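Engineer: What follows is a single structure, and I will ask about it in a moment.
Bear in mind these aren't lab numbers, they're just calculated from the coordinates by the rules spelled out. Keep in mind it's a predicted model, so treat the numbers as computed, not measured. Glycine gets a Cβ as well: all are built from the backbone with ideal geometry, and neighbour counts include every protein chain shown.
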Amino acid sequence: MGVHSDSWIRRKALEEGMIEPFVETQVRKASSEEPVVSYGLSSYGYDLRVSNEFKIFTNVFHTVVDPKLFDPRSFVDVTADACIIPPNSFALARSVEYFRIPRSVITICLGKSTYARCGIIVNVTPFEPEWEGHVTLEISNTTPLPAKVYANEGLAQVIFLEAAEPCEVSYAERNGKYMRQRGITCPRP
């Protein structure tokens, strides 16, 4: 199993639509020259952006968080340029980018250090071979203070690992329940 470099990621994104939209360089400043949390192609990965759609966890309705019988009242929907996550809480979001993972590839996705240094942890499961869709991102605020996450800026880095041989059964062939997800996808039993 090997890690892929920027040239492999660029080729797969541009020729095969592995990442759409694809940003070929590391963006660190907005057009107004204001700093942004970086996104785009990096040396051995791709820094994905978080969209402006968020589902912020709430306990207003005193629901139980049950992955087999998920109650959508557990979240408040927000569309904004930034999301304020309450102390010791979390939000779901989605990537701006739509991914199409090749059959011999699996990814690891880790939160960016800028957010990690603020107590904001990003949790994402691997993108399996032949999975495609927007990435649903879980953003945890581990601090006792409200935390701000900026839409349309970097949130996590995707590292692409290729196996020596393709898997026998891909995510698409298993009819994975999160295949071709669009928008933020809540748990499905």
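Engineer: Which condition breaks for residue 76 when tested against (1) of a type in the set (A, V, I, L, M); (2) exposed (fewer than 12 other Cβ atoms within 10 Å of the Cβ); (3) in a strand (DSSP E or B)?
Structural biologist: Residue 76 satisfies all of (1) of a type in the set (A, V, I, L, M); (2) exposed (fewer than 12 other Cβ atoms within 10 Å of the Cβ); (3) in a strand (DSSP E or B) except (2).
Engineer: Further question on the same structure: Could you list all residues from region 39-58 that are out of contact with any helix residue (DSSP H, G or I) (no Cβ under 8 Å at 6 or more places or on another chain) and of a type outside the set (Lys, Arg)?
Structural biologist: Selection gives 39, 40, 47, 48, 50, 51, 52, 53, 54, 56.
Engineer: Okay, next question. Can you tell me which condition residue 98 does not meet? The list is (1) closer than 16 Å to residue 178 by Cα; (2) free of Cβ contacts under 8 Å to residues at least 24 places away in the same chain, and all the others hold.
Structural biologist: The number of the failed condition is (2).
Engineer: Got a sec? Which of 68, 112, 148 is in contact (Cβ under 8 Å) with a residue 60 or more places away in the chain, basic (Lys, Arg) and surrounded by 14 or more Cβ atoms within 10 Å (Cβ to Cβ)? If you could, list the steps in order and put the result at the bottom.
Structural biologist: Details: 68 fails: surrounded by 14 or more Cβ atoms within 10 Å (Cβ to Cβ); 148 fails: surrounded by 14 or more Cβ atoms within 10 Å (Cβ to Cβ).
On inspection, the qualifying residue turns out to be 112.
Engineer: Could you check region 109-133 and list, in sequence order, the residues that are touching a strand residue (DSSP E or B) at 6+ places or on another chain (Cβ under 7 Å), among the polar types (S, T, N, Q) and part of a helix (DSSP H, G or I)?
Structural biologist: 114, the sole residue that qualifies.
Engineer: Out of the residues in region 29-65 that are in a loop (DSSP other than H, G, I, E, B) and touching a Lys or Arg at 6+ places or on another chain (Cβ under 7 Å), which is surrounded by the most Cβ atoms within 10 Å (Cβ to Cβ)?
Structural biologist: Ranking the qualifying residues of region 29-65, first place goes to 63.
Engineer: OK, next. Of all residues in region 2-26, how many are under 17 Å from the mean Cα position of the chain (by Cα) and in a strand (DSSP E or B)?
Structural biologist: Qualifying residue count, region 2-26: 2.
Engineer: Within region 115-124, which residues are of a type outside the set (A, V, I, L, M, F, W, C), more than 13 Å from residue 154 (Cα to Cα) and either free of Cβ contacts under 8 Å to residues at least 12 places away in the same chain or crowded, with 19+ Cβ neighbours inside 10 Å (or both)? Spell out the reasoning first.
Structural biologist: Start the filter on region 115-124 by keeping residues that are of a type outside the set (A, V, I, L, M, F, W, C), which leaves 115, 117, 119, 123.
Narrowing the set further to residues that are more than 13 Å from residue 154 (Cα to Cα) leaves 117, 119, 123.
117, the sole residue that qualifies.
Engineer: Kindly indicate whether residue 108 is in contact with a Phe, Trp or Tyr (Cβ under 9 Å, 6 or more places away or on another chain) and under 26 Å from residue 167 (Cβ atoms).
Structural biologist: Yes.
Engineer: Another question about this same structure. Restricting attention to region 143-189, which residues are hydroxyl-bearing (Ser, Thr, Tyr), within 24 Å of residue 9 (Cβ to Cβ) and touching a strand residue (DSSP E or B) at 6+ places or on another chain (Cβ under 9 Å)? First the steps, then the outcome.
Structural biologist: Initial filter on region 143-189 (hydroxyl-bearing (Ser, Thr, Tyr)): 143, 150, 170-171, 178, 185.
Still in the list and also within 24 Å of residue 9 (Cβ to Cβ): 150, 170-171, 178.
If the condition is that a residue be hydroxyl-bearing (Ser, Thr, Tyr), within 24 Å of residue 9 (Cβ to Cβ) and touching a strand residue (DSSP E or B) at 6+ places or on another chain (Cβ under 9 Å), then 150, 171, 178 are the ones that fit.
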